[in-house]
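Participant: Shown below is the structure under consideration.
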Amino acid sequence: MMTNNNPTPEELYESYLQGTCNAEEKKLVEDWYNKISASAEREEIPEADYDKMRAKIWSELHASTQFNAKGPGARQLFQPWKLTAAASILICVGLAYHHFSSEEVNTIQVSSNTPISPGGNKAYLTLSNGERILLNNEASNNISNQNGVRISKTTDGQLIYTITNTEPVNTRSIAAFNKIETPKGGQYQVQLPDGTKVWLNSSSSLRYPASFTALKERRVELTGEAYFEVKHIKNLPFKVTTGDHEVKVLGTHFNVMAYPEEQAISTTLLQGSINVSKGSNSRKIKPGEESIVKKKTNSIIIENADLDKVMAWKNGRFEFEDSELPEIMRQLSRWYDVTIDYRLTTNPGKFGGGISKDQTLDEVLKLIEGNGICHFKIEGRKIIVLP
């Protein structure tokens, strides 16, 4: 029985995301989404008529729930339990930039019949003695046990440091560093010796002490992007450095994006309190805010953060809301391990929309092509962006 006799699509969708829908409401949201996708496939719908089409489908489904979205002619670009990114296409229409369309355009030229698969749990660990170890989804095992610290990996993409206290910590072990690196197409999670959890995005690296015992601070060095859940330890601050950019915390949840190819370093705070510094400048940011530091300056800009967009990579999806096409292509390059040959001569503007990171590359490119602004050609592991 519906809890509200006349819920709007947006209201019901919000309940869907929060997990408070009953079975009938959940089916209604999924049927509504799938029927809109099927309608968009059959005919080109002007943006001005999109609201009318959505309302008409909603009324039909609300009157009768017999429609089966899995019948002939229906196709899902998004898995129904991952609708967060898809909603920006269906609900947030009429905005002043291009939204990805689910329309099949079939213009991508591919030089191979083998689709380019998404990335996965893959990284390399370099121990203090120089040994380099591949980390992936294969069987869990112990990697090292020295100086009172056991290093092990699990089958679900985690590297775990555990204090065993079976051996005394010496001065040499305190100075020892480990380094975990994710290649293009890789991601990984590491639990540091102090209990801090770190999620590494593709093409990133983290250098950290093999043990924090007897240290006056917990300092790690980041390249790329990572999300941190820092364990609070009184009088032992945690610091993340990227060159002369530093984030200082005592215990909190935050994301740092510091890829060399990006023009700025952004730090987004979800919980707690952090201090961001660059050169002689220092600013404190609050939950829901992000600091933006241009690499060629020392200025620190504080803005309200789009947390869904910032955390999309960790939550298994791409969220391109209000994104420039070059930014989108850089993300795809890192996750699918491809190079980009950008041949557009004009700026196509900003885009909105999203898709699961589990999709193959050609599925993502087809979604982007739906805006009609650009086209793609795939040659091996090179993506050519064409007008």
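The values are calculated or read from the model by the stated rules, or taken from the named source; none is laboratory data. What you are looking at is a predicted structure, and each value in this text was computed from that prediction instead of being measured. When we count neighbours, we look across all protein chains shown, and the Cβ atoms used for this are built from the backbone with ideal geometry, even at glycine. Heavy atoms of the whole protein, side chains included, go into the accessibility calculation; ligands, DNA and RNA do not. Shrake-Rupley method; radii C 1.70, N 1.55, O 1.52, S 1.80 Å.
Participant: Out of the residues in region 373-387 that are farther than 18 Å from Thr114 by Cβ and either acidic (Asp, Glu) or out of contact with any Ser or Thr (no Cβ under 8 Å at 6 or more places or on another chain) (or both), which is modelled with the lowest pLDDT?
Facilitator: Only one residue fits best here, namely Ile373.
Participant: Against the condition open to solvent by 40 Å² or more (accessible area, probe 1.4 Å) and in a loop (DSSP other than H, G, I, E, B), how does Asn275 come out, does it pass?
Facilitator: no
Participant: I'm trying to understand the selection: among the residues of region 144-165, which are open to solvent by 40 Å² or more (accessible area, probe 1.4 Å) and either assigned to a strand (DSSP E or B) or under 17 Å from Thr182 (Cα atoms) (or both)?
Facilitator: Within region 144-165, Asn145, Gln146, Arg150, Thr155, Asp156, Gln158, Thr162, Ile163 meet the criteria.
Participant: What's the number of the condition Lys314 fails, among (1) within 25 Å of Leu192 (Cα to Cα); (2) open to solvent by 50 Å² or more (accessible area, probe 1.4 Å); (3) without any contact (Cβ under 8 Å) to a residue 40 or more places away in the chain?
Facilitator: (3)
Participant: How many residues, within region 223-269, are out of contact with any Ser or Thr (no Cβ under 6 Å at 6 or more places or on another chain), acidic (Asp, Glu) and in contact (Cβ under 8 Å) with a residue 60 or more places away in the chain?
Facilitator: Final tally of qualifying residues: 2.
Yes/no per residue for (1) at pLDDT 85 or above; (2) under 27 Å from Gly353 (Cα atoms):
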residue: Ile91; (1), (2): no, yes
residue: Phe100; (1), (2): no, yes
residue: Gln109; (1), (2): no, yes
residue: Ser112; (1), (2): no, no
residue: Pro115; (1), (2): no, yes
residue: Leu134; (1), (2): yes, no
residue: Asn141; (1), (2): no, no
residue: Asn165; (1), (2): no, no
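Participant: Go through region 258-269 and give me each residue that's buried (at least 19 other Cβ atoms within 10 Å of the Cβ) and either assigned to a strand (DSSP E or B) or touching a Leu at 6+ places or on another chain (Cβ under 7 Å) (or both).
Facilitator: Across region 258-269, the qualifying residues are Ala258, Ile265, Ser266, Thr267, Thr268, Leu269.
Participant: Starting from region 196-209, take each residue that is under 18 Å from Trp335 (Cβ atoms) and open to solvent by 10 Å² or more (accessible area, probe 1.4 Å) and list its partners that are outside any strand (DSSP E or B) and hydrophobic (A, V, I, L, M, F, W, C), counting only C-beta distances under 7 angstrom and pairs at least six apart or across chains.
Facilitator: Asn201/Trp313
Participant: Can I ask one more? Would you mind telling me which numbered condition in (1) touching a strand residue (DSSP E or B) at 6+ places or on another chain (Cβ under 6 Å); (2) of a type in the set (D, E, K, R); (3) modelled with pLDDT under 90 Lys122 fails?
Facilitator: (3)
Participant: Residue check, Lys350 against (1) modelled with pLDDT under 90; (2) out of contact with any helix residue (DSSP H, G or I) (no Cβ under 9 Å at 6 or more places or on another chain), all met but one. Which one?
Facilitator: If we test Lys350 against (1) modelled with pLDDT under 90; (2) out of contact with any helix residue (DSSP H, G or I) (no Cβ under 9 Å at 6 or more places or on another chain), just (2) comes out false.
Participant: Let me ask something additional. Would you please name the residue that is farthest from Arg381 (Cα to Cα), looking only at residues in region 176-193 that are assigned to a loop (DSSP other than H, G, I, E, B) and at pLDDT 90 or above?
Facilitator: It comes out as Leu192.
Participant: Identify the single condition in (1) closer than 30 Å to Ile133 by Cα; (2) aliphatic (A, V, I, L, M); (3) part of a strand (DSSP E or B) that Leu215 does not satisfy, given that it satisfies every other one.
Facilitator: (3)
Participant: Exactly one of these conditions fails for Ile328: (1) closer than 16 Å to Glu262 by Cα; (2) part of a strand (DSSP E or B). Give me its number.
Facilitator: Evaluating Ile328 over (1) closer than 16 Å to Glu262 by Cα; (2) part of a strand (DSSP E or B) leaves (2) as the failure.
Participant: Looking for something in a loop (DSSP other than H, G, I, E, B), touching a Ser or Thr at 6+ places or on another chain (Cβ under 6 Å) and open to solvent by less than 30 Å² (accessible area, probe 1.4 Å) - is there at least one such residue anywhere in region 294-307?
Facilitator: Yes, region 294-307 has at least one match.
Participant: From the set of residues in region 365-384 that are surrounded by 20 or more Cβ atoms within 10 Å (Cβ to Cβ) and touching a His at 6+ places or on another chain (Cβ under 8 Å), which is nearest to Glu321 (Cα to Cα)?
Facilitator: For region 365-384, the residue satisfying everything is Asn371.
Participant: In region 237-257, how many are touching a Lys or Arg at 6+ places or on another chain (Cβ under 6 Å) and either more than 18 Å from Ile285 (Cα to Cα) or surrounded by 23 or more Cβ atoms within 10 Å (Cβ to Cβ) (or both)?
Facilitator: The total comes to 1.
To keep it simple, each residue is scored yes or no on (1) free of Cβ contacts under 8 Å to residues at least 40 places away in the same chain; (2) touching a Phe, Trp or Tyr at 6+ places or on another chain (Cβ under 6 Å); (3) farther than 22 Å from Gly120 by Cα.
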residue: Asp308; (1), (2), (3): no, no, no
residue: Phe318; (1), (2), (3): no, no, no
residue: Ser323; (1), (2), (3): yes, yes, yes
residue: Gln331; (1), (2), (3): yes, no, no
residue: Tyr336; (1), (2), (3): no, no, no
residue: Thr345; (1), (2), (3): no, no, yes
residue: Gly349; (1), (2), (3): no, yes, yes
residue: Ile355; (1), (2), (3): no, yes, no
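Participant: Name the residue that is nearest to Lys309 (Cα to Cα), counting only residues in region 342-367 that are aliphatic (A, V, I, L, M) and out of contact with any Gly (no Cβ under 8 Å at 6 or more places or on another chain).
Facilitator: Filtering region 342-367 for residues that are aliphatic (A, V, I, L, M) and out of contact with any Gly (no Cβ under 8 Å at 6 or more places or on another chain), the one nearest to Lys309 (Cα to Cα) comes out as Ile355.
Participant: Additional query: If you check Asp362, Asp341, Asp322, which single one turns out to be open to solvent by 30 Å² or more (accessible area, probe 1.4 Å) and closer than 16 Å to Ile116 by Cα?
Facilitator: Asp362
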